[in-house]
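Here the structure is laid out as structure tokens; the discussion comes afterwards.
No value in this document is a laboratory result; all are computed from the given coordinates. This structure is a prediction, so every number in the text was calculated from the model and none was measured. Glycine also receives a Cβ, built like all others from the backbone with ideal geometry; neighbour counts cover every protein chain displayed.
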Amino acid sequence: MGYANAATWSGVLSGFLEVTNSYFFNPGDERVLVVTTLTALSDLTNLAFARSVDPDSGTTTSENQRGNSTLGIDDFVGSESVANGRTLALVNIDNGGYENTTAIWNTCCSNNNPYNILGHTGGDLGLTSTGDHSLNLAYRIGDLSAGSSATFKYAYAAGLGLDDIVIPPPSGAVPEPATWAMMIGGFALIGGTLRRRRTTLSFA
């Protein structure tokens, strides 16, 4: 399956890590596929990545849940607005062989620490919540040597209801897009340490 629209953003964090996000979508689709590649420019240890989103639609209050009728709690976290019923979800598509999980967090609008999300510590609200809370998806990459890369895929998705959000299984490499479009917004946070200096890295 090809994609009619796409955008790519790349940046370098403190000279130690290159981050590339590629976004793919078709007209009428209720999802945007995101392919994230992390490339180590120096030897890194305990690398982790998190995506956080504030799901407000018409109100700051939403019904939030991990997992739905077809996707497990580590691969799906979604919200439904109490004002208009609109939905938004973060869905793991292909974790690239790395550990991943989701979380509902008690803060609505900030980048959350990926280690807290992976460990379900701090502001984790469990499987469901009602309120102005954030949706989070995190990956544990671990050690990454200089020149090595880690790639994983996830999606922003919508539907008539949270149980209507169904993501097809990954189909291999992402085809080249036909045209380029604007990149969608979002928050990400990356944590890691340098083997030589043991310095914590973060990216927003």
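Enumerate the pairs (first residue in region 136-150 and closer than 20 Å to S52 by Cα and in contact (Cβ under 8 Å) with a residue 60 or more places away in the chain; second residue anywhere and among the aliphatic types (A, V, I, L, M) and outside any strand (DSSP E or B)) with beta-carbon separation below 7 Å, excluding pairs fewer than 6 apart on the same chain, so at least 6 apart or on different chains.
N136/I117; A138/I117; A138/L118; R140/L118
Here are some residues: G67, G72, G123, G131. Which one is in contact with a strand residue (DSSP E or B) (Cβ under 8 Å, 6 or more places away or on another chain), of a type outside the set (A, V, I, L, M, F, W, C) and closer than 20 Å to L33 by Cα? Before the answer, list the steps.
Details: G72 fails: in contact with a strand residue (DSSP E or B) (Cβ under 8 Å, 6 or more places away or on another chain); G123 fails: closer than 20 Å to L33 by Cα; G131 fails: closer than 20 Å to L33 by Cα.
Exactly one residue qualifies, and that residue is G67.
Can you run down the residue pairs with Cβ atoms below 8 Å, 6 or more apart or on separate chains, where the first is in region 1-14 and within 25 Å of T39 (Cα to Cα) and the partner is among the aromatic types (F, W, Y) and not in a strand (DSSP E or B)?
G11/F203; L13/F203
Restricting region 123-144 to residues that are small (G, A, S) and within 16 Å of the chain's Cα centre (by Cα), which is farthest from G78 (Cα to Cα)? Can you show your working first?
First pass over region 123-144, keeping only residues small (G, A, S): 123, 126, 129, 131, 134, 138, 142.
From the residues that got through so far, the ones that are within 16 Å of the chain's Cα centre (by Cα) too are 134, 138.
Details: S134: 9, A138: 14 Å.
Across region 123-144, the extreme among qualifying residues is A138.
I'm trying to understand the selection: among the residues of region 95-122, which are surrounded by fewer than 17 Cβ atoms within 10 Å (Cβ to Cβ), within 19 Å of S79 (Cα to Cα) and either touching a helix residue (DSSP H, G or I) at 6+ places or on another chain (Cβ under 7 Å) or of a type in the set (G, A, S) (or both)?
S110
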